[in-house]
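The values are calculated or read from the model by the stated rules, or taken from the named source; none is laboratory data. The structure displayed is predicted, hence computed values, not measured ones. Cβ atoms come from the backbone with ideal geometry, glycine included; neighbour counts cover every protein chain shown.
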Amino acid sequence: MNGGVGVARDSLEGLVLGDAFGQSWFVRDAEAGERWLAGRVLRPGPWKWTDDGAMAIVLYEHLVRYGEVREDALAAGFAAEYARDPYRQYGASMHEVLERIGAGEGWRAVTAEQFDGQGSWGNGAAMRVAPLGAWFRTDLAMVVDQARRSALATHAHPEAVAGAVAVAVAAALAAAGRGGPAPSRPEFLREVAARVAPSEVRTLLLEAAALPAGTTVRKAADRLGSGWRISAPDTVPFALWCAALSPDDLPEALWRTVEGWGDRDTTCAIVGGVIAARTSLSAVPAQWRAHTEAIPARRP
Ligand code: F2R
Ligand code: MG
């Protein structure tokens, strides 16, 4: 199914922009960072995207090529991209996972062995998946199935899969709602949670939905986490709560998301991918786009 290259491409561009913007906020001087953020002073460019962008580009190009997730080819595609440029701040376990897959080992065995046989519950499967949700936006059952498959190529733990499903569903709902009014934050988060298997990710999505109107970003980050553990549960519910703060204003949502600090390239990548699926990048200031490292032309 070709669910819409254009909408998925918008989501990819939003994800890459969010990743690069968030990454620019890893500043050495935390006090100065707070001041710059309060004054909304952009960090100097260029803003380089990281593993979030690198893996999302691979996944998007995979969908353009095959129209669906083919796990063997996707795992090989991630490994090939890693071999081309391993210096994109990949998660710690991904170095071994992608090197071994690149060397010809089967992805199922390699991913299942990580962390003493638990598999990774990192946020790496969730950070790259929004364009897939946009791609399959007319069929939520398909979104869930395809997101699951895309996650398992690198992350065997059910929490990582749940995080990827949640983000993909959120992007699908955002894309499907283009041109119409956005749902309320609790409605949106509950609708996402309804498609996610029982997990800590789902429990925290429902907790996010129950946070009262007027909850500050800091308070939400305290309750939900903001990626300090680099896990799917402490990243995805917070990021989707942030995406629902201003679903029609991508720059505003990214400013607010950084207020949670934490894993800011990844929370911003998720927010960017979800909101741009609905809004495109039309309201993003030219300077932001000029600062952001370009997405390379399609590779064979
Ligand atoms: N913070 C990063 N990358 C670290 C860069 C360090 C350094 N500069 C370098 O290059 O080496 N950001 C990126 O990592 C996140 C995505 O991570 P992903 O792909 O899920 O990787 P990983 O390693 O599988 O999981 C992340 C960490 O979570 C903990 N963890 C996961 N599963 C666990 C388990 N079953 N038991 C215990 N801990 C588990 C580990 O600490 C993992 O390293 C994104 O933020 C991306 O931008
Ligand atoms: Mg990153």
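A compact table of results
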quantity: Residue among Pro237, Pro251 that alone is surrounded by 24 or more Cβ atoms within 10 Å (Cβ to Cβ) and either more than 16 Å from ligand 2 (Cβ to nearest atom) or within 28 Å of Gly77 (Cα to Cα) (or both); calculated: Pro237
quantity: Test set (1) at pLDDT below 95; (2) touching an Asp or Glu at 6+ places or on another chain (Cβ under 6 Å) - Thr266 fails condition number; calculated: (1)
quantity: Any helices (runs of 4 or more DSSP H) falling wholly within the stretch 104-195 and containing at least 3 residues that are within 16 Å of ligand 2 (Cβ to nearest atom); calculated: 158-176
quantity: Residue pairs meeting the criteria (Cβ under 9 Å; at least 6 apart or on separate chains; first within 17 Å of Val7 (Cβ to Cβ) and among the small types (Gly, Ala, Ser), in the stretch 48-64; second in a loop (DSSP other than H, G, I, E, B) and near ligand 2 (Cβ under 9 Å from one of its atoms)); calculated: Ala56/Trp49; Ala56/Met127
quantity: The listed residue being of a type in the set (D, E, K, R) and over 12 Å from the mean Cα position of the chain (by Cα), out of Arg148, Arg128; calculated: Arg148
quantity: Residue match in the stretch 79-100 (condition: surrounded by 21 or more Cβ atoms within 10 Å (Cβ to Cβ), within 15 Å of ligand 1 (Cβ to nearest atom), of a type outside the set (A, V, I, L, M, F, W, C) and closer than 30 Å to Gly177 by Cβ); calculated: no
quantity: Selected residue (only one of Arg278, Arg223, Arg289, Arg256 is among the charged types (D, E, K, R), crowded, with 24+ Cβ neighbours inside 10 Å, away from ligand 1 (no atom under 16 Å from the Cβ) and in a helix (DSSP H, G or I)); calculated: Arg278
